[in-house]
Structure formats: structure tokens, C-alpha cells
Amino acid sequence: MTASRLFDRAVIRLAPTDGEEDVAAFLQGLLTNDVSGALPVYAALLTPQGKMLFDMFVWPAADGEILLDCEKDQAESLAKRLSLYRLRRKIDIGVDESLGVHWQKEPGDGGAADPRLASLGQRWLAPVSDEDEPADDAYLAHRLGLGVPEGYAEMGDILWLETNAVELHGVAFDKGCYIGQENTARMNWRSKVNRRLMVVPLATSDEKRRKAAYAELELAVDHLRVADVDPATAPVWLEDAFVED
């Protein structure tokens, strides 16, 4: 079997327990992206100050349910945080261990193009099987090779727009309020993104600005001042962010 399972990912299921409950409307007031339309989308749950707590992919499911593809190490914390916001809403929230997240680099049948960049490949959710083979290392190398940050280790406690969320289609500015929306919208309106997360060669990484390092790939993720970044080193999808007005 071709390796495709991302074992470091997990799935959270949000299921209405009342026919009148709307899970999408619940998430719409929390997450950075518009989850009321076509799915999947890439989104995040932020702090009130607009800093990243959890990033995820939001998937549709039957009977008004929604599935979240998130980091396995952060899944229980994300489910707990969402449960705090649930209040009296009739929604079950929990990790669904029967489902796994799959990925492949090339387009194929049955998956969806990564909503951040088509070049990131395609993803899909499927029942867990003992025959699943891990693709985590291949996915990590491909993602970092394209200069795309992901997950709490690389993006945690960073302002959402500084993670390149606009360029990676992780935020909607016309969807209404969500947690952290005020500061995020203000930064966008003022074009005040002064720092960027950048994947750089480990040998040139600034230890003081480093968020994560991958010695086996000789790469690191640094939180750099825009003024300190050579535009020639930016990935193609991020080039416009370094074009001066």
C-alpha cells in the first residue's frame, strides 16, 4: 500500500445533538475563515489578541456534522477549548479516533486539493486501518520545501497574519466577527505586517528568531522582520508580500 496516512494528525468531530443546532454557525463565530460555504477550508482559532492557538482544516460531514483535521498533539486541547465556547449549545465535540488524515503529493481520485496551495498536494479523511502506512516525513519535507509553516511549534503565539495566513487562504475579511478578529482586521487594513514566518536554511537561521528547526532537512522556521528578508529568497506564493507599494 502506498504510504499516505499522516499519523501526527487527528480528527475532531462536532455533531449536533438537536435538529435545530447549526455547527457551522457555531464555528463561524470562532474561526478565522468562512465555514458557511464550500469546504474544506484552512482556518485557525486565535487568542483575543489575534495570535495563533490552533490551525486546522475544516471538513464537511453528513447530518450537519463538521470534522476538523488538526495536530494530534493539540487535538484534545482544541476539543476542550471549543467545548468551553459551546456553553449551552447542543453540540458533541470530541476526537474521533476512527478516522485518519491522509495526504499525497500528486492529484488523484477521492481527495481534495490543499486549500492553502494546490502545490501542497491533496488531503482526505478515511477510516483508520492497520494497513495504513505513514507519510509524515514526506509531507514535512514537501511542505517545508514550499516554505509553508504549520502547527503550534512553528506558528504558536504568532499574530495570524504574520504566519502568512492571507497568502495561504486562512482568513476571510468579510465573514463577520470571530475571536481575534479586531486586531487581525486592523493589521490588514493598515497593511501592518511587520514580521513573517519564513522557512530558511538552518545554517542561516537566526537563533533568536527561530521557532522550529529540522536538522535532518537542514531547515528552520524563523520569525523575521520583513525588512530583514531578501525578497529573492521568498517562495513564489509569497513574493507579492514583499513588493513595495
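See the values below:
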item: Sequence of Thr32, Thr2 when ordered by accessible area, the most exposed leading, probe 1.4 angstrom; result: Thr2, Thr32
item: Two-site label geometry, Ala25 and Glu216: point separation in nm, points 7 Å out along Cα→Cβ; result: 4.7 nm
item: Accessible heavy-atom area order of Arg195, Arg143, Arg89, highest first, probe of 1.4 Å; result: Arg89, Arg195, Arg143
item: Exposure of Phe57 as accessible area (Å², to 10), given a probe of 1.4 Å and all protein chains; result: 0 Å²
item: For the chain: accessible area per residue (Å², 1.4 Å); result: 51 Å²
item: Separation of alpha-carbon centers, region 116-187 and region 1-80, rounded to whole Å; result: 12 Å
item: Debye intensity ratio in log₁₀ form over the Cα atoms of region 166-245, taken at each q of 0.11, 0.22 Å⁻¹; result: -0.36, -1.09
item: Rounded if a/c under 1.5, otherwise prolate or oblate - region 74-219, Cα gyration tensor axes; result: oblate
item: Percent carbon-and-sulfur accessible area, the chain, ignoring ligands, DNA and RNA, probe 1.4 Å; result: 48 percent
item: Computed FRET value (nearest 0.05) for Asp240 with Glu133, which takes r as the C-beta separation and R₀ as 45 Å; result: 0.75
item: Where Val128, Val243 fall by accessible area, highest first, once all protein chains stay in place (1.4 Å); result: Val243, Val128
item: Dipole moment magnitude, nearest 20 debye, region 89-245 about Cα centre, only Lys, Arg, Asp, Glu C-beta charged; result: 920 debye
item: 21 Å tail of the calculated P(r), region 1-136, as % of Cα pairs; result: 40 percent
item: Exposure of Tyr42 as accessible area (Å², to 10), given a probe of 1.4 Å and all protein chains; result: 0 Å²
item: Accessible area of Asp92 in the full protein assembly, 1.4 Å probe (Å², nearest 10); result: 90 Å²
item: Cα centre as origin, Lys/Arg/Asp/Glu Cβ charges: region 97-138 dipole, Debye; result: 360 debye
item: Share of alpha-carbon pairs per 10 Å distance bin for the chain, given as whole %; result: 7, 31, 36, 20, 5, 0
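The values are calculated or read from the model by the stated rules, or taken from the named source; none is laboratory data. Note that the structure is predicted; figures quoted are calculated from it, not measured. Methodologically, a virtual Cβ is constructed for each residue, glycine included, from the backbone with ideal geometry; neighbour enumeration extends over all protein chains shown. To get the accessible areas, we keep the full protein, side chains included, count just its heavy atoms, and leave off ligands, DNA and RNA. Shrake-Rupley method; radii C 1.70, N 1.55, O 1.52, S 1.80 Å.
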